[in-house]
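For reference, the structure discussed in these notes is given below.
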Amino acid sequence: ASDVYKRQTLLLLGYKILSKFYCKNYDIAIAFKMGECAKLVSFCNSKKKYCWIHSNVSDINESCFYSFNSLDEECESLKKFDSLIAVSESSKYSFQKKYPVNLQIEVIYNPIDCKQIIKKSNEKLSSNDKLLLCEKKPIIGTIARIDANKGIERLINISKRLTNKNIDHTLIIVGDGVDYNRCKKIIKDQKLNNIMMIGFRENPYNILKHFSLFVCSSYSESYSIVTEEALCLGIPVISTKCGGPEEVLQNGKYGLLVENSEDALFEAIEKFLFLGIKDIEKYDASN
C-alpha cells in the first residue's frame, strides 16, 4: 500500500511541477495525445483546454498504465477539458465505450496535403530503391509502425501463402518499430526472398507511388492516414475492417474492405493479383 501511495504522490507532484514551469497563462492549451500529455495539460491554468483522441482506446491500454493510477483518476482529469477531439467516428465510439464520462467530443479528421504528397512521390529514387522497384511483377506494399497491432506478421504469412501457390509478387514493408527485427528474422529464417523490409523513410511517397496494391493489415486503426495517402496517389487499397479505414474508404466505395482475419485478407489479395486493378471492384469480399 505504501508503494502505491508513493507512486501516486510522485505522479501527481511530477505533473504539477511540469505544468507550473511549462503551462503559464496560455489562452488555449492542447494535449495532442491522451495519457501523459492530457494529464500535464489538465493542470494548466489556460482559458480553454482541448485533448485529442488518436487511438481506439477501448482496444488498448492507452493511458492509465503509465500516467494515471486508475481509470477513475483519468476520467476526473479529462473532465477538466472543454472538449475532446477524436480523429474519427471510430475513435470517438471507442472512447465512449471505455470512459464513463459525459464530455463533449468532436470528430476532426487529420488533414493531408495531397499536392505535397504528389510532389514528394516524384522525387528521385536512390539506386537501391530503383533496383528494388524495377522487377516486372506486382508489388504489394504497406507503410506502418512495425508492431503487433499493425498485422505485419500476418501480411508476411499471406505473402508466403501466395508464393506457395506460385503467385508471383514482391512484398515491400516500409517502417520501423519494436517488432522490426523479429519480423526480419522470420523472413530470413523462412527464406522469403520476395519480401523486403526497408525500414523508416523520411519520404515514403516515391516508394508508395510504385506499389501495385497498398494493404492495411492492422487489427485496429483510429483512422489510417497512410491509407488516405495511398488513395491520393491513385494506389488501389485493400484493408481489414479495423475501425478508421472504413471511414477513409467510405465503407468500400474507394477501396476493398475485408473481415479482420488473415484468411479474408489473403483471399482478397489473391483475387486482386488474379483479376488486376480494373476488375477488383467486382470482387465481393463477403463471398
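Considering all projection directions equally, how large on average is the shadow of the alpha-carbon convex hull of segment 57-200, in square nanometres?
Working: hull surface 48.8 nm².
Orientation-averaged projected area of the Cα hull: 12.2 nm².
The order of the peptides 89-98, 207-216 by mean Cβ neighbours within 10 Å, most packed first, is 207-216, 89-98. Computed with a 1.4 Å probe over protein heavy atoms only, the accessible surface of segment 146-256 comes to 42 Å² per residue.
Specify which residue in the list LEU125, GLY252, THR170 is farthest towards the positive end of the charge dipole of the chain, using unit charges on the beta carbon of Lys, Arg (+1) and Asp, Glu (-1), about the Cα centre. The Cα lying farthest towards the positive end belongs to LEU125.
Ignoring everything except DSSP H segments at least 4 long, calculate the 222 nm mean residue ellipticity for the chain; use -39,500 (n - 2.57) per segment, divide by total residues, nearest 500. The per-residue figure over the chain is -12000 deg cm²/dmol.
Find how much the distance from VAL107 to SER127 grows on full extension, using 0.36 nm per residue of separation minus their present alpha carbon separation; answer in nm with one decimal.
3.0 nm
Between VAL107 and ALA86, the built amide H atoms are under 5 Å apart, and every one of these is 5 or more places off in sequence or on another chain. Once C-alpha pairs closer than 8 Å and six or more residues apart are averaged by separation and normalised to the residue number of segment 126-282, the relative contact order reads 22 percent. Across the chain, C-alpha contacts under 8 Å between residues 6 or more apart give a mean separation that, scaled by the residue count, equals a relative contact order of 14 percent. Candidate values [x] 0.94; [y] 1.03; [z] 0.97 were compared with Rg/Rh (Cα atoms, Kirkwood Rh) computed on the shown model; the agreeing label is [y]. By the rule of a C-alpha distance below 19 Å, with chain neighbours fewer than 8 residues away ignored, the lysines paired with LYS48 are LYS16, LYS20, LYS24, LYS33, LYS39, LYS79, LYS80.
Peptide packing for 43-53, 217-227, 151-161, 110-120 was compared via the average number of neighbouring C-beta atoms within 10 Å per residue; ordered from the highest value, the list is 217-227, 151-161, 43-53, 110-120.
Computed over protein heavy atoms with a 1.4 Å probe, the carbon and sulfur contribution to the accessible area of segment 23-175 reaches 51%.
Per-residue packing, averaged as other Cβ atoms within 10 Å, sorts the ranges 169-178, 75-84 into the order 169-178, 75-84, beginning with the highest. Rolling a 1.4 angstrom probe over segment 227-268 with all protein chains present gives an accessible area of which 41% lies on carbon and sulfur atoms. If you sort the three axes of the alpha carbon gyration tensor as a ≥ b ≥ c, you get a/c under 1.5 for segment 136-279, which makes it rounded. Using the beta-carbon distance between ARG161 and SER46 and R0 = 45 Å, what value does 1/(1 + (r/R0)^6) give for FRET efficiency, to the nearest 0.05? After rounding to 0.05, the efficiency reads 0.25.
The values are calculated or read from the model by the stated rules, or taken from the named source; none is laboratory data. Just so we're clear, the structure is a prediction, and the values are computed from it rather than from any experiment. Don't worry about glycine lacking a Cβ; one is built from the backbone with ideal geometry, like all the others, and counts go over all protein chains shown. Areas reflect the complete protein model, heavy atoms only, side chains present, ligands, DNA and RNA absent. Shrake-Rupley method; radii C 1.70, N 1.55, O 1.52, S 1.80 Å.
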